[in-house]
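Participant: Sharing a structure, written as C-alpha cells. Questions coming.
Please treat every number below as a calculation from the coordinates, not as lab data. Just so it is clear, the structure is predicted and the values come from calculations on it, not from any experiment. Note that we place each Cβ from the backbone using ideal geometry, even for glycine, and neighbour counts take in every protein chain shown.
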Amino acid sequence: MKSTFKTMIFLSMAATLGLLSASVSAADANDTTLSAAGDAVKGKRVFNRCRACHNLTATARTRIGPNLDNLFGRKAGAADGFKYSKALQDATFDWSEAALDSWLSQPRKFLPGNKMAFPGLRKEQDRKDLMAYLREATVETAE
Ligand code: HEC
C-alpha cells in the first residue's frame with residue numbers, strides 16, 4: 001500500500017516533469033479517470049480557449065493548430081497535412097488523458113520546443129472538465 005502510494009507520487013512528479021512523455025502506452029488511452037471527474041458542459045466553455053486554433057473534426061478546416069478528431073489513442077504529431085514542430089514530429093507517444101493533462105498544464109515543460117503558443121490551463125478542474133468534453137467531441141464514428 002505504502003509503496004504503491006510512493007510509486008503514484010513518483011509517477012505524478014515524473015509526468016509533471018515530462019519524463020513519462022515518451023512512455024505513454026496505448027492502454028493509457030482507454031483510461032478515463034480524469035474525464036470521469038469532469039463536467040463536459042463546463043468543458044465546452046473551457047474549449048473556448050482552444051477554439052481559435054483547433055477544430056475537432058477531421059473534415060473541418062485546419063486552423064493554427066492541428067484538428068483534434070479522435071485525439072485519444074492517436075499518435076502525437078500525426079494529423080494529416082499539419083506541419084508540426086520537430087518536437088512533435090519526433091514524439092513517440094499516443095495521446096492519453098494523462099499525457100494531455102501534462103501537455104495542457106505546462107505545454108512548454110511537457111514537450112520543449114513545441115510551437116503551441118498557449119501558456120497552459122492552471123486549474124486542474126478546468127483540465128478535467130475540458131477532457132470530459134473532448135472525450136465526447138473528438139470521437140468520429142464511421143457513417
Ligand atoms: C494559439 C493557438 C493555440 C491555442 C490557443 C491552443 N493550441 Fe493546441 N496546438 C497549437 C499548435 C500550433 C500545435 C502544434 C504544435 C507543434 O507542432 O509543436 C498544437 C498542438 C496541440 C496538440 C497536439 C496534437 C497532435 O496532433 O499531436 C493538442 C492535443 C492540443 N494542441 C490541444 C490544445 C487544447 C486542448 C487547447 C486549449 C486548452 C489548445 N491546444 C490551445 C496551437 C494552439
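Participant: Let me check I've understood the local charge: for Lys128, count other residues with C-beta under 12 angstrom from its C-beta, Lys and Arg +1, Asp and Glu -1. What total comes out?
Facilitator: Every neighbour counted, the sum reads -2.
Participant: In addition: With a sphere of radius 14 Å drawn around the Cβ of Ala98, what net charge do the other residues whose Cβ falls strictly inside it have (Lys, Arg +1; Asp, Glu -1)?
Facilitator: Neighbour charge sum, excluding Ala98 itself: -3.
Participant: Another question about this same structure. Note down the nm distance, to one decimal, between modelled labels 7 Å out along Cα→Cβ at Ala58 and at Gln106.
Facilitator: 3.5 nm
Participant: If you don't mind, there's one more thing I want to ask. State whether the range 84-131 is rounded, prolate or oblate according to the following rule on the C-alpha gyration tensor (a ≥ b ≥ c being the square roots of its eigenvalues): a/c under 1.5 gives rounded; otherwise a/b larger than b/c gives prolate, and the remaining case gives oblate.
Facilitator: The shape class here is oblate.
Participant: Check Asp94: other-chain or 5+ apart residues with amide H under 5 Å from its amide H, H built from backbone geometry?
Facilitator: Here Val24, Ala76 satisfy the definition.
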